[in-house]
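Trainee: First the structure, then my questions, so here it is.
Coordinate-derived values only; no laboratory data. As the structure is a prediction and not an experimental result, all values here were calculated from the model. Don't worry about glycine lacking a Cβ; one is built from the backbone with ideal geometry, like all the others, and counts go over all protein chains shown.
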Amino acid sequence: MEQRWTNGPGWALIALGWILSAVPACSSNDGTDTCGTDADCPSGYKCTGGRCVAPASSGCPDGQVPCGSSCFDLLRDPKNCGACGSPCNSGLVCKNGACAIECAAGLTLCGAQCISTQDDANNCGTCGTVCTAGVRCALGICVK
């Protein structure tokens, strides 16, 4: 199986680090940061009404918490992701308090790889859709 990386083989190490360093955090299935308990939220956040919320008494703008003498959004800041002073590795972004791979436009995250599902015979149209032998992937469809 041919591997395709957007930035060379270093992505394999980044992806492995990302998988191994999963941080308990809020999920985001509907565009909101949801939680069940405070333990589901990044350090400094509270679970209020099913959402991770920064404490109002922090002196920081809504959605941010104090880290030293500055305020940061621990759900989105790649230098303080999930906790103060917890940076994401190079090439990763902070999504909902956890470091994650963000694929370039036109690519889809399949496992730990950014893939073009428009022309990848092992991920044709969607991740894991494999074209049979002698068939290629064109515009996300297996064709002879």
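Trainee: Starting from the amide H of Phe72, placed 1.01 Å from N in the peptide plane, find each other amide H under 5 Å away whose residue is 5 or more places distant or on another chain.
Mentor: HN-HN under 5 Å from Phe72: Val65, Cys67.
Trainee: In whole Hz, what ³J(HN,Hα) sequence does region 130-144 give by Karplus (6.51, -1.76, 1.60; θ = phi - 60°), x for Gly and Pro?
Mentor: With coefficients 6.51, -1.76 and 1.60, one gets 9, 6, 5, 4, x, 10, 10, 9, 9, 6, x, 10, 6, 9, 7 Hz.
Trainee: In what order do Cys142, Cys81, Cys99 fall by count of nearby beta-carbon atoms within 10 Å, going from fewest to most?
Mentor: Values: Cys142 15, Cys81 28, Cys99 23.
In order of increasing Cβ crowding within 10 Å: Cys142, Cys99, Cys81.
Trainee: Can I ask one more? Using r as the Cβ-Cβ distance of Ser70 and Thr48, and R0 as 41 Å, what FRET efficiency do you calculate, to the nearest 0.05?
Mentor: 0.95
Trainee: OK, next. Leu139 versus Ala104, label points 7 Å from Cα toward the beta carbon: distance in nm?
Mentor: So the label points at Leu139 and Ala104 sit 2.3 nm apart.
Trainee: Find out how many positive minus negative residues lie around Ser70, taking Lys and Arg as positive, Asp and Glu as negative, among other residues whose Cβ is under 12 Å from that of Ser70.
Mentor: Values: positive: Lys79; negative: Asp73, Asp77.
Around Ser70, the charge tally is -1.
Trainee: Right, here's the next one. Taking the Cβ of each residue in Asp62, Asp77, Asp120 as the centre, tally the other Cβ atoms inside 10 Å and list the residues starting with the fewest.
Mentor: Details: Asp62 9, Asp77 21, Asp120 24.
Fewest to most other Cβ atoms nearby, the residues stand as Asp62, Asp77, Asp120.
Trainee: I need the phi-derived Karplus couplings for region 80-90: 6.51 cos²θ - 1.76 cosθ + 1.60, θ = phi - 60°, integer Hz, Gly and Pro marked x.
Mentor: 9, 9, x, 7, 4, x, 10, x, 7, 5, 3
Trainee: If the reach is capped at under 24 angstrom between alpha carbons, list the lysines near Lys79, excluding any in the same chain fewer than eight residues apart.
Mentor: Lys46, Lys95
Trainee: For Arg51, which sequence-distant residues (separation of 5 or more, or a different chain) have an amide H within less than 5 Å of its own amide H, given hydrogens modelled in the peptide plane?
Mentor: Correct list: Cys35.
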